[in-house]
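See below for the structure under consideration.
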Amino acid sequence: MTATWEKKEGNEGVLTVTVPAEKVNKALDQAFKKVVKQINVPGFRKGKVPRPIFEQRFGVEALYQDAVDILLPEAYGEAIEETEINPVAQPEVNVTQIEKGKDFIFEATVTVEPEVKLGDYKGLEIEKQETDLSDEELQESIDHSLSHLAEMVVKEDGAVENGDTVNIDFSGSVDGEEFDGGQAEGYDLEIGSGSFIPGFEEQIEGMKTGDEKDVVVTFPEEYHAEELAGKEATFKTKVNEIKFKDVPELNDEIANELDSDAENVDEYKENLRKRLSEQKATEAENTEKEEAINKATENASIDIPEAMINTELDRMIQEFGQRIQQQGLDLQTYYQISGQNEEQLRDQMKDDAEQRVKTNLTLTAIADEENIEVSDEDIDKELEKMSEQFNSVNCIDWQLNIASLWFIIVDVKWNLGAGQWNHSLRIRFLSRSKLFKHLDCKYVKLHCRMLFSIVFME
């Protein structure tokens, strides 16, 4: 087999492949054995028609399509390897010659991975992030933890305040006409949650149990229901009950409940401060790393094929569908609730998809430029490290968050004091399954099996 590659405009080219006549004849034999089982010819049992009789009656041309189906996948794969091209989409194939006793020739119009023109990726100035934990941040975390232990208590007297949960009846209308979905009885609403139309919750504040009020709001212009978008609506609202959070005070018993390693409040605060400080330092480092990668990507010039963006969009839609499954929804239900369709969702995600593709191509180009090589031992060590990290985190949390990690996981080390990239880069491509041997969560496994790129700066 021979193959030639001719680059055309943009990222397209023509792959011309020639398969020897010997293979063509073998493929025709295979095609005949397949087709003859379905042929009825008077005087012969089904499947027992001799080849010469078949060709005399139907012509050898009747075997060509099946022969092409047999030859094409293997020949195309070998041609890609021989010409060392990187297709990013299904080819458009045109058969130019298929005939018994002659070579099989076809042309494939192929979209290939684009050329990357790297800009500056060394010596980039990165804004240093704050890593010191303030007393205010510590107290905010304590308050947040205590809020989870709070009990809801009925407010017998007093008005609705921000943070209260109210049970209400409401009936909404536009221009005096009630609209679908605008009515409810015994509806629980947390004031300040932002879950209702803007302006609604603020107007509930100050009301007391038994109070009734006309709440007037305006639907956002971008509201999913077109017939309501930008319209003024009136909600006749009655407050049935008001509940507030009774947050416990921090004491030694509660401190131990929040942190089993702490015997008293002081130990709890000390342990919490340590964890939060480490977390903040990690977040600061990740922010700096992301900024560095974004700058390197912005400085690169790439003509990205639409096919690569569409492939990435397919992946993003799939991962989005898996995420909302955790909330008991499927994509079709989501489309109905949101008033969107798949095309609109893809439009929203397109810029992000393009950025993902560009980032990946840029990092790969840097790896090629720096002649990066990674040993199996390095990969195994990194996999073991990641496995330990995953096993230390609640599976549900990872179900919700890991979808953003499947495309690339980037870890960049550089001189934080100077805030600059160092000159040595190693990108690790992790496609093995060792990471998942200790994980039980099927969604984690599904998302993580994708390609991982771990970037290190020395």
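What residues qualify as long-range amide H neighbours of Asn264, i.e. H under 5 Å apart, gap of 5 or more or another chain, H built at 1.01 Å from N?
none
Once amide H atoms are built 1.01 Å from N in the peptide plane, which residues 5 or more positions from Val88, or in another chain, come under 5 Å H to H?
Those qualifying (amide H under 5 Å, at least 5 residues apart or on another chain) are Thr111, Val112, Glu113.
With just the Cα atoms defining each centre, how far is segment 154-231 from segment 26-100? Give it in Å.
Computed from Cα coordinates, the inter-centre distance equals 68 Å.
Each residue of segment 108-124 in order: what ³J(HN,Hα) in whole Hz does its phi give by Karplus 6.51 cos²θ - 1.76 cosθ + 1.60, θ = phi - 60°, with x for Gly and Pro?
10, 7, 10, 8, 10, 4, x, 6, 10, 9, 5, x, 5, 10, 10, x, 6
Listed here are the pairs Lys8/Lys289; Lys155/Lys274; Lys350/Lys385; Lys269/Lys295; Lys23/Lys358; Lys128/Lys385; which of them are more than 31 Å apart at the Cα?
Lys8/Lys289; Lys155/Lys274; Lys350/Lys385; Lys269/Lys295; Lys23/Lys358
What is the order of Ile302, Ile337, Ile204, fewest Cβ neighbours within 10 Å to most?
Lowest to highest Cβ neighbour count: Ile337, Ile302, Ile204.
For Asp103, enumerate residues with amide H under 5 Å from its amide H, sequence gap 5+ or separate chain, H modeled in the peptide plane.
Under 5 Å from the amide H of Asp103: Ala21.
How large is ³J(HN,Hα), in whole Hz, for each residue of segment 299-308 in order, when computed from phi with the Karplus curve 6.51 cos²θ - 1.76 cosθ + 1.60 and θ = phi - 60°, using x for Gly and Pro?
The phi angles translate into 7, 8, 10, 9, 8, 7, x, 4, 4, 5 Hz.
Step through the residues of segment 155-169 one at a time and calculate ³J(HN,Hα) from phi using the Karplus curve (6.51 cos²θ - 1.76 cosθ + 1.60, θ = phi - 60°), rounding each to whole Hz and writing x for Gly and Pro.
So the Karplus estimates, Gly and Pro as x, are 8, 6, 10, x, 9, 5, 10, 4, x, 6, 10, 10, 9, 10, 10 Hz.
Can you tell me which aspartates and glutamates have their Cα less than 13 Å from the Cα of Lys34? Leave out same-chain residues fewer than eight positions away.
Output for Lys34: Asp66, Asp69.
Just from the alpha-carbon atoms, what are the Rg and Dmax of segment 2-112 in angstroms?
16.9, 58
None of the figures in this text is laboratory data; all of them are computed from the coordinates on show. Just so you know, these numbers come straight off a predicted model, no measurement behind them. Reconstructed Cβ throughout: ideal geometry from the backbone, glycine too, with neighbour counts over all protein chains shown.
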